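A quick write-up on the structure given underneath.
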Amino acid sequence: MSEVIEREASNKAKQQLIISPISGRIGAQISGVKLSSALSAETVQQIYQALLEYKVIFFRNQQHLDDQEQEKFAALLGEPVRHPTVPTVEGTQYLLELDSRYGGRANSWHTDVTFVDAYPKLSILRGVTIPEFGGDTTWANTETAYDELPEVLKELANHLRAVHSNDYDYVGLKPDVDPDVLARYKNIFASVVYETEHPVVRVHPETGKRSLLLGHFFKRFVGLNARESSRIYDILQERVIRPENTVRWRWQAGDVVIWDNRATQHLAVNDYGDVHRVVRRVTLAGDVPVGVDGRNSITISPKGLSAAELEQAKRDAVLAAK
């Protein structure tokens with residue numbers, strides 16, 4: 001059943017914000033609103049509350065948004081931040097482009113940018129060039145995944161900490177991408193290598209709910225060897241991506257999707273061959289995760305690099321990849 005919320009637009013004419021759940025545990029489509037930087041504070045708050053409840057929200061027919069207006073709209077929900085290593089789209093401050101021709105196929109389960117400590121709280125993704133068929137994205141609810149763990153696994157997960165890094169097995173995750181393209185992509189994405197130790201179970205700073213913090217930036221569990229880490233990871237990750245925890249979106253050009261990056265994982269389905277696909281994303285600044293024991297995430301590397309040194313490393317990687 002759809003939830004209908006009346007709101008006053010800037011011209012004082014009444015409009016309806018319609019929230020329609022898509023699946024049983026995650027995801028809702030919102031209609032009756034034209035996203036822009038001119039939205040009222042009340043409407044923005046309604047959208048944000050829907051996001052906290054449904055974890056990922058979908059908007060059709062937002063073709064009016066260009067790069068600049070996407071950034072301005074995103075700023076209503078929080079503080080936009082640049083990707084730590086990948087350059088922004090020319091002419092923008094924060095936009096990250098995922099272009100299928102250059103390795104931008106996020107076809108493995110992950111939470112965005114967990115290789116840094118305060119990884120983004122939200123992501124706002126806009127469909128620019130969409131295949132006629134294929135190229136869907138699927139999201140998973142990491143809170144319900146935790147809630148449904150047997151008590152013995154909850155107890156284990158509550159005490160685990162894990163290292164995440166952007167220096168991972170690119171070939172294993174993207175075996176169908178041209179090796180030269182993949183090499184250039186990795187040179188940029190891992191131009192500065194980050195490692196961060198996170199609690200495996202984080203507490204949401206706004207809702208207080210617990211979720212599993214895993215995904216493909218996971219490298220190992222603290223105190224366990226690679227084989228032990230892999231086996232335990234598979235057990236927990238399988239709980240996250242069970243079909244009943246997921247929602248799948250069939251993109252159209254002009255769609256906008258917003259997700260709570262603190263309570264979800266996602267995967268872009270790579271089933272569209274050589275057809276061109278482009279999406280553009282803005283992320284919002286997050287907080288440093290806290291585990292159930294009250295311990296924060298910890299940065300392992302890089303340490304001691306200034307902001308100028310990090311920016312220079314990114315520029316050097318871009319030049320080397322050309």
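Data table
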| read-out | value |
| --- | --- |
| Wholly enclosed strands (runs of 3 or more DSSP E) of the range 69-172 bearing at least 1 residues closer than 24 Å to residue 273 by Cα, among the charged types (D, E, K, R) and modelled with pLDDT of 95 or more | 122-129 |
| Every pair of residues 6+ apart whose Cβ atoms lie under 9 Å, when the first sits in the range 15-37 and is farther than 12 Å from residue 58 by Cβ and open to solvent by 50 Å² or more (accessible area, probe 1.4 Å) while the second is basic (Lys, Arg) and modelled with pLDDT under 95 | 15/7; 16/7 |
| Identity of the residue in the range 250-277, open to solvent by 10 Å² or more (accessible area, probe 1.4 Å) and of a type in the set (A, V, I, L, M, F, W, C), that ends up farthest from residue 28 (Cα to Cα) | 275 |
| All positions within the range 205-240 that are open to solvent by 60 Å² or more (accessible area, probe 1.4 Å) and among the aliphatic types (A, V, I, L, M) | 222, 226, 235 |
| Subset of the range 63-110 (residues that are open to solvent by less than 40 Å² (accessible area, probe 1.4 Å), among the β-branched types (Val, Ile, Thr) and free of Cβ contacts under 8 Å to residues at least 60 places away in the same chain) | 92 |
| One residue from 315, 250 being charged (D, E, K, R) and modelled with pLDDT of 95 or more | 250 |
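The values are calculated or read from the model by the stated rules, or taken from the named source; none is laboratory data. Being a predicted model, the structure only gives us computed values, none of them experimental. Glycine also receives a Cβ, built like all others from the backbone with ideal geometry; neighbour counts cover every protein chain displayed. When the accessible area is computed, the model is the full protein with side chains, heavy atoms only, and any ligands, DNA or RNA have been set aside. Shrake-Rupley method; radii C 1.70, N 1.55, O 1.52, S 1.80 Å.
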